[in-house]
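Structure first, then comments.
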Amino acid sequence: MSYAVFILGPSGSGKSTLTGCLQQVYKQLHVATTVVNLDAADDSVDKYQPDIDINELIRVEDVMEEFGIG
């Protein structure tokens, strides 16, 4: 059986910190995980290491420039 955990919240609420903590705990328990970062504005690579990272496909700066926002 597989499970999924989605961590949602506003900026600065501790999502990256919680993700990093969970990643460490599951690793110590030898539980296989896949961490996915879907936040193109996330720069928290020091807190956790995603297995799949949206930043490899698109950067928030590129979107801001293309649409003239920000």
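Which members of segment 6-31 meet the condition of being in a loop (DSSP other than H, G, I, E, B) and open to solvent by 100 Å² or more (accessible area, probe 1.4 Å)?
Step one: of segment 6-31, the residues in a loop (DSSP other than H, G, I, E, B) are 6-14, 29-31.
Within segment 6-31, PHE6, LEU8, SER11, LEU29, HIS30 meet the criteria.
Just wondering, is there one or more residues in segment 43-56 that are among the charged types (D, E, K, R), assigned to a loop (DSSP other than H, G, I, E, B) and in contact with a strand residue (DSSP E or B) (Cβ under 9 Å, 6 or more places away or on another chain)? Can you show your working first?
Step one: filter segment 43-56 for residues among the charged types (D, E, K, R), giving 43, 46-47, 51, 53, 56.
In the following step, the residues that additionally are assigned to a loop (DSSP other than H, G, I, E, B) were identified as 43, 46-47, 51.
After this cut, where a residue has to be in contact with a strand residue (DSSP E or B) (Cβ under 9 Å, 6 or more places away or on another chain) as well, the list is 51.
The answer is yes; a qualifying residue exists.
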### Task
Mind counting the residues in segment 7-50 that are free of Cβ contacts under 8 Å to residues at least 24 places away in the same chain and more than 27 Å from GLY70 (Cα to Cα)?
15
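With the structure loaded, tell me whether VAL63 is at negative phi, aliphatic (A, V, I, L, M) and in contact with a Pro (Cβ under 7 Å, 6 or more places away or on another chain) or whether it fails that test. Give the steps one after another, and end with the answer.
Values: at negative phi: yes; aliphatic (A, V, I, L, M): yes; in contact with a Pro (Cβ under 7 Å, 6 or more places away or on another chain): no.
Against the criterion (at negative phi, aliphatic (A, V, I, L, M) and in contact with a Pro (Cβ under 7 Å, 6 or more places away or on another chain)), VAL63 does not qualify.
Just to be sure I understand, how many residues within segment 33-52 are open to solvent by less than 30 Å² (accessible area, probe 1.4 Å) and either of a type in the set (A, V, I, L, M, F, W, C) or farther than 18 Å from GLY9 by Cα (or both)? Don't jump to the end; show me each part of the working.
At the first step, the residues of segment 33-52 found to be open to solvent by less than 30 Å² (accessible area, probe 1.4 Å) are 35, 37, 40, 42, 44, 48, 50.
Going one step further and asking which of them are either of a type in the set (A, V, I, L, M, F, W, C) or farther than 18 Å from GLY9 by Cα (or both), we end up with 35, 40.
The number of residues fulfilling the criteria is 2.
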### Query
Taking interchain pairs and intrachain pairs at least six residues apart, which have beta carbon atoms under 9 angstrom, with the first residue in segment 51-70 and modelled with pLDDT of 90 or more and the second open to solvent by less than 90 Å² (accessible area, probe 1.4 Å) and of a type in the set (Ser, Thr, Tyr)?
ASP51/THR33
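The values are calculated or read from the model by the stated rules, or taken from the named source; none is laboratory data. Keep in mind the model is a prediction, meaning the values are calculated, not measured. FYI the Cβ positions are ideal-geometry reconstructions off the backbone, even for glycines, and counts take in every protein chain you see. Quick note on the areas: whole protein, heavy atoms, side chains included, nothing else; ligands and nucleic acids left out. Shrake-Rupley method; radii C 1.70, N 1.55, O 1.52, S 1.80 Å.
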